[in-house]
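Quick notes on the structure that follows.
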Amino acid sequence: MASEFKECTVNRYVLPNGMTVLLKEDHRNPVAAIEVWVKTGSVTEDRLAASGVSHFVEHMFFKGTADRAVGEVAKEIQSYGGEINARTSPDTTVYTVNIDSRHFAKACEILADVLMHSTFDPAELEKERSVIAKEINLNDDDPERRAYKTFFNTIYAVHPYKDPVIGYEDIFMKLTREDVVRYMRQRYTPNNMVFVAVGDFNQEEALQNLRGLFKNFHRTSLPPVFVPREPAQLGRRVRFEEGDVNKGYLFVGYHTVDIKSDDKCALDVISMVLGQGRSSRLYQKLRDKLALVSGVSSWSYTPVYPGVFAVTATFEPDKYARIVREIEQEVNRLKTEAVSAEELEKVKQSIISEYYFSLDTAAGQASDIGYCEVATNNCNYFKEYVEKVKQISAEDLCRVANIYFREDNLTVTALFPRGSQPQSAAETKTAGAAGDISKHELSNGLKLLVREDHTLPTVSVRVLMKGGIIVEDEGNNGISNLCSQLLLKGTRTRSGEEVVRAIESAGGTISSYSANNSFGCFVDILSDKKDLALDVLADVLMHPAFADRDIEREKGVILLNIKSLEDQPFQSAFKLFRETMFQHHPYRFQPIGTIESVTRLTRDDIAAFHRKYAVPENMVVAVFGDVRADDVKKIVAEKFGALKNTGLVFPKTKADFTTGIVREKKAHPGKQAIVLLGYRGPDIFSPDKYPLEVLDAVFSGQGSRLFGSVRDEEGLAYAVGTQMIMGLDPGAFVFYVGTVQEKVDRVVELMFAEVKTLKKSGIAESELQRTKNGLVGIRKIQLQTNAQLALQAGLDELYGLGCDNYIQYYDRINGTAAGDITRVAQTYFTDDDYVLVVLSPATEEGKKHK
């Protein structure tokens, strides 16, 4: 079928004050994305180098303007159905708004106010300093971030890329308000900014509006910034560290080029060949064949200044030396052995596919346009880049590998568990903007959902089945996860490598998942390969091999990942909460399983699980994208029609909560403390879930109540919010705060105070309306992509809510009244029935008190 892909134009303007404006109309969905790119980051901090001042400025821009008090910016954006965020990188700082397009002009006005009139209130600055200081310290609790920081601090000797964007605590704490304001005024000038907007608006009206908003925002001279040039590396560098982790984190890297280099394309192709995707060389060899790693990938980082090429892996410490040898061997192969035409074409297709999928949302397009403009002064850079990728030859890869992958240009860093490092460092129908969802049912009971959307030449396929931990018990916990992983490890006619290569060679990705209430497989691919995608999915679901060697290999990886759960404080805290709240229900389990349960799972267990649940009456197939419904229905009937209906009656579980007041405390080796306060919640079929979702939004985000009382007013925490556990059976509503040990008691006091105030006073009509608008707007933003919409509609259909439930969601949220909020708060947040969990660095053993 011929593609009907249509491209929109980016229009470039320069305002009188020097601000570059890039506008792109895209009327597929009623949303808009705005990004303001400031050409400043940790690289431009000059005399304040490594202080994190760029990041500090970013945080302060949401702390009030002359006309808007602290917290009002986020609340106002939320009230218009949007979300606001910001990020700082070495080269840029970016402010983003995704919003219901009806309020596009208002979002522009708010952003303009933030950029021009932020007050940098001294008291707020000190509160935010405390928050960032905690973030700097807590980053070391995350082993991946710590390993990443060590690698960059080793491979770079003098260039600012060696330092974390957030800065070092001792330098950061010396920053004065005068330093921060002076830096902001020097760098935040319109001639150093790019304003990008993509979405459902009229660009002539937008441009006129922007001219008015920024007419009093005057250009200034930009002071020169000295950025030291990184000298050539003259020998292999190796650095080891130890920490409180359960597995090793490895980086192997080389200095390379910046984004404007002609060699960038070849390096990106090499990164795909080596370590991106399940059919990549390193994944196949190190993970699937030799079982040396639990995860491995490679990436090429080519920013504004010369970047790096790196391979990362997670591993058991005793396998370190062999892993490094194998990685070097695969890298060096590229110098002498030409990549086959088939493999080269596969990665080219993947790059093209990845680029198109990145444009599926207005935010994705805005990010693409903004980065291209600030990094290359060409907003169409990546479109031209994709065309250059098509011209890359096997000879180009050999040439580039020989230039950069040298022994004297190599850096190896690793984070080991304590005591394990090597001795020597040398060692139906629903309305949709782009198309309706049509629902079909095969004679065997399989349900098919199709959505035609010809905007981009891509298609997303989701095959979903009820299952997951809700059908597990203590003896087989983790079987759904293990089964889903093994689906991609081979069939009767395809090896696991052939399964993933078939998809990735066509520019696609294939994955599987298992969660609380379901499991399944996903494929995202270019639309002219839809037949292949459905053929492979049918094969893995109907004819899995479940080979003994694959079972043992996957179990080994899972067991390592189970161990590493304790490395993540929030995951560890939520694990303890589940075990405490759901003592007699499957929701107490982790989808990954336990060491004991996974160890004893057999091939017969897995095959029996698959035979029971991978049946058509328990299956929904969603195909969304550049397709024709009639074509898809014919292909699915052909591929999945042989599945036999077994008359499965999905098992019922008994809702069984812990009752009374339960307080659980557990020690962990990190620096931070995690506090979770949880109450019983409803299932997904209860009308109470909608008021509770509103409450979830009230207590989450930068404009939330809890954020204001715990973080903004008292600076007690870095992470604050709520989370709902909800599924086929009743779940829980959980308040969480990440803090430090000495603040735990005060945090708990504030959490209970917020709950008490809510139950007594409810929420104001203005706050309710703002929150509802925010929920509706954010849901629209989330469901821009066919991939996400296919998953949402597919799960709703699978659970019996109907594939049009996502549209009814808007009416049900909008129909929530203030009285509903008070009612559900009083019903669920009871004084005599809750679970309080504290994960803290205290040394004493956790004790349970009732």
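The values are calculated or read from the model by the stated rules, or taken from the named source; none is laboratory data. It should be emphasised that the depicted structure is a prediction, and the values quoted were computed from it without experimental measurement. Backbone-built Cβ (ideal geometry, glycine too); neighbour counts: all protein chains shown. Quick note on the areas: whole protein, heavy atoms, side chains included, nothing else; ligands and nucleic acids left out. Shrake-Rupley method; radii C 1.70, N 1.55, O 1.52, S 1.80 Å.
What whole number of Å gives the distance from the Cα centroid of the range 59-121 to the Cα centroid of the range 496-520?
Answer, in whole Å: 38.
Looking at V824, V158, Y736, which one has the Cα that reaches farthest to the positive end of the dipole of the chain (charges on Cβ: Lys, Arg +1; Asp, Glu -1)?
Farthest towards the positive pole: Y736.
Could you let me know the centre-to-centre spacing of the range 646-675 and the range 338-360, using Cα atoms, in angstrom?
Cα centres, the range 646-675 to the range 338-360: 43 Å.
For the chain, with all protein chains present and a 1.4 Å probe, just round the carbon and sulfur fraction of the accessible area to a whole percent.
Carbon and sulfur: 48 percent of the exposed surface of the chain.
In terms of Cα to Cα distance under 23 Å, which lysines are near enough to K106, apart from those fewer than 8 places away along the same chain?
K24, K63, K75, K215, K772, K780
How much accessible area does K447 have with a 1.4 Å probe, in Å² rounded to the nearest 10?
Here the accessible area works out near 60 Å².
State in Å² the accessible area per residue of the chain; use a 1.4 Å probe, count heavy atoms of protein chains only, and round to the nearest integer.
Spelled out: the 1.4 Å probe surface of the chain, per residue, equals 38 Å².
Do any of K134/K575; K247/K563; K530/K633; K466/K652 go past 18 Å between their Cα atoms, and which?
K134/K575
Assign unit charges at the C-beta atoms only (+1 for Lys and Arg, -1 for Asp and Glu), then state the dipole size of the range 196-299 relative to its Cα centre in Debye, rounded to the nearest 20.
Numbers: 15 positive and 12 negative charges, 77 e Å.
Around 380 debye, computed over the range 196-299.
Ordering F733, F657 from largest to smallest accessible area (1.4 angstrom probe), what's the sequence?
The ranking, largest first, comes out as F657, F733.
Given the convex hull over the Cα atoms of the range 281-435, what projected area results after averaging over all orientations, in nm²?
14.3
Could you rank the peptides 284-296, 214-226 by their average count of other C-beta atoms within 10 Å per residue, with the highest value first?
284-296, 214-226
In debye, nearest 20, what is the charge dipole magnitude of the chain about its Cα centre with +1 on Lys and Arg Cβ and -1 on Asp and Glu Cβ, if you could check?
With Lys and Arg at +1 and Asp and Glu at -1, about 520 debye.
Can you sort E387, E135, E617 by 1.4 Å-probe accessible area, starting with the largest?
E387, E617, E135
Of all the C-alpha pairs in the range 1-71, what % are more than 18 Å from each other?
Counting every Cα pair in the range 1-71, those more than 18 Å apart make up 67 percent.
Give me the distance between the Cα centres of the range 725-739 and the range 801-840, rounded to whole Å.
For the range 725-739 versus the range 801-840, the Cα centre distance is 11 Å.
Against the empirical 2.2 N^0.38 Å scaling, what ratio does the C-alpha Rg of the range 228-360 come to? Display every interim value, and only then the final one.
Values: Rg = 15.8 Å, N = 133, 2.2 N^0.38 = 14.1 Å.
For the range 228-360, the normalised Cα radius of gyration comes out at 1.12.
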